[in-house]
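Peer 1: Dropping a structure here in structure tokens format, bear with me for questions.
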């Protein structure tokens, strides 16, 4: 039979990760801090991670106790501890290891990645400490101190968390370190195969375009016409009116003759 080749859209990729994993993936969960929440979304595994979980405080231990016996656990832990002093974490680490052994859990510890913060040096020191501390304990430690996770393009605005591309990268590295196979992701939208349409579906398709058209903004058709016009001459501007100076007392002379009288001249004041 011919083999069908297809690509998985990014939005559905998490649903296929567990399906391509080994048989033990049926009992795989994600625990730990808020980074674990994002890793659970990228992997498609059951999420038991939560915000503000650290090595201290016992919350990580309580999460492991709620996991079914014999499960595989991907635990993201350490970033919240790196915010402050990383001294005195041995007791919390021992409690986590003891709980994992008591429940026969296969523990995969995902270490703290770099952070775009001033306390990133604490995160680097804690990563080295966990790498050394967990060696030979049966726990698989996956360091996330990788330059690809330090670029702003895969980070959230706070410089601590990630966007979905970053979480997919974290999960891909953790899965590769433990033998899980990750489905290839295509960011291109592929056309879905054609299906036989029912009568109800065909009626819906006839109705939907009408509804969509009602929400479209009205289209305005602009018609521009041109014409060659001969401009008319403008009327000449009227000459400015001279301002007359008011006359208060003006003397004038006149000369005339009275009938049958002698010539008379005089002056009058207006």
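The values are calculated or read from the model by the stated rules, or taken from the named source; none is laboratory data. Remember, predicted model here, so these are calculated numbers, not experimental data. Note that each Cβ is placed from the backbone with ideal geometry, even for glycine, and that neighbours are counted across all protein chains shown.
Peer 1: Pick from 49, 40: which is within 30 Å of the chain's Cα centre (by Cα), modelled with pLDDT of 95 or more, in a loop (DSSP other than H, G, I, E, B) and under 17 Å from residue 166 (Cβ atoms)?
Peer 2: Unique residue meeting the criteria: 49.
Peer 1: Another question, then. Are any residues in segment 98-125 part of a helix (DSSP H, G or I), over 25 Å from the mean Cα position of the chain (by Cα) and surrounded by fewer than 20 Cβ atoms within 10 Å (Cβ to Cβ), and if so, which ones?
Peer 2: Once the filter is applied, which keeps residues that are part of a helix (DSSP H, G or I), over 25 Å from the mean Cα position of the chain (by Cα) and surrounded by fewer than 20 Cβ atoms within 10 Å (Cβ to Cβ), segment 98-125 yields 98, 99, 101, 102, 121, 124, 125.
Peer 1: Next question, about the same structure. Out of all the residues in segment 56-97, which are in contact with a strand residue (DSSP E or B) (Cβ under 7 Å, 6 or more places away or on another chain) and either in a strand (DSSP E or B) or under 23 Å from residue 158 (Cα atoms) (or both)?
Peer 2: 72, 73, 74, 75, 76, 77
Peer 1: Let me ask something else. Kindly evaluate residue 183 against the criterion of being at pLDDT below 95, part of a helix (DSSP H, G or I) and farther than 17 Å from residue 49 by Cβ.
Peer 2: no
Peer 1: Suppose the filter is farther than 21 Å from residue 175 by Cα and surrounded by 15 or more Cβ atoms within 10 Å (Cβ to Cβ); does residue 86 pass it?
Peer 2: yes
Peer 1: If only one of 158, 81, 94 is within 19 Å of residue 49 (Cβ to Cβ) and free of Cβ contacts under 8 Å to residues at least 12 places away in the same chain, which one is it?
Peer 2: Answer to the selection: 158.
Peer 1: Further question on the same structure: Can you tell me how many residues in segment 149-169 are over 26 Å from residue 87 (Cα atoms) and either surrounded by 17 or more Cβ atoms within 10 Å (Cβ to Cβ) or modelled with pLDDT under 95 (or both)?
Peer 2: 7
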